[in-house]
Amino acid sequence: MDVNRVYLLIILVLSPGVSRTSKIICDDRFILVFVNRTRTMERMAAQCEDQKPLLTPIFIPNVEVRVANRQNITISQQGNEVLSHLNLFLNVTQHVKTPACMSQQLKQLTRNLKAVKGLVNKAWRQVNNDTDITEEASFVSSEALSTISSDIMDIFHRFVKLLQGKVSLLLNTLCDGSTR
């Protein structure tokens with residue numbers, strides 16, 4: 001899928017008043033667009049010549065999905081967890097110091113992260129009468145803990161896992177309750 005089509009999908013999803021938006025958000029292929037784009041960025045980043053371990057390790061979210069734990073938390077808690085993970089990724093991609101080649105891939109990843117965050121927020125608002133996800137300060141999932149890494153490539157790998165796991169599960173849950 002070319003870049004123009006991806007941008008068109010993003011515009012359709014994030015634009016207010018688009019009647020087909022919920023169908024697009026609920027289509028599993030939409031997440032695959034972000035997965036494929038991230039894998040492409042990962043391959044491009046792997047080709048950068050000056051790949052050294054980071055001088056300052058980064059904190060990246062633990063994105064593993066444990067079904068038993070997932071069944072014991074509310075949809076609101078799942079939404080908070082996904083947004084927390086996305087915010088942590090955004091913080092890393094915007095503040096880590098890397099060579100120019102890698103920096104370009106991280107800028108593209110930042111745009112993807114912001115688009116996915118907008119997608120999650122849009123899906124949430126559609127299901128919950130235009131209200132935003134409210135932060136539950138008292139909720140800290142055992143899965144929400146961060147991992148420390150010195151390998152910049154972990155960002156790409158873990159973001160793909162987040163998309164395929166927690167983001168997909170959240171969107172499917174939201175869509176099952178609203179449009180399916």
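Some observations on this one:
- Residues whose amide H lies under 5 Å from that of ILE73, counting only those 5 or more places away or on a different chain, are absent; hydrogens are built 1.01 Å from N in the peptide plane.
- The trypsin sites (Lys or Arg not before Pro) of the stretch 85-131 that DSSP puts in a loop, and whose beta carbon has at most 11 other beta carbons within 10 Å, are LYS97.
- Computed over protein heavy atoms with a 1.4 angstrom probe, the accessible surface ordering of ARG66, ARG29, largest first, is ARG29, ARG66.
- Estimated vicinal HN-Hα couplings, Hz - the stretch 77-92 in sequence order (Karplus 6.51, -1.76, 1.60; Gly, Pro = x): 5, 5, x, 4, 5, 4, 5, 4, 4, 4, 5, 5, 4, 4, 4, 5
- In this structure the amide hydrogen of THR147, modeled in the peptide plane, comes within under 5 Å of the amide hydrogens of ILE60, ASN62, none closer than 5 places in sequence on its chain.
The values are calculated or read from the model by the stated rules, or taken from the named source; none is laboratory data. None of the values given here were measured: they were computed from a predicted structure. All Cβ positions, glycine included, derive from the backbone under ideal geometry; neighbour counts span all protein chains shown. Accessible surface is based on the protein model in full, side chains and every heavy atom, while ligands, DNA and RNA are left aside. Shrake-Rupley method; radii C 1.70, N 1.55, O 1.52, S 1.80 Å.
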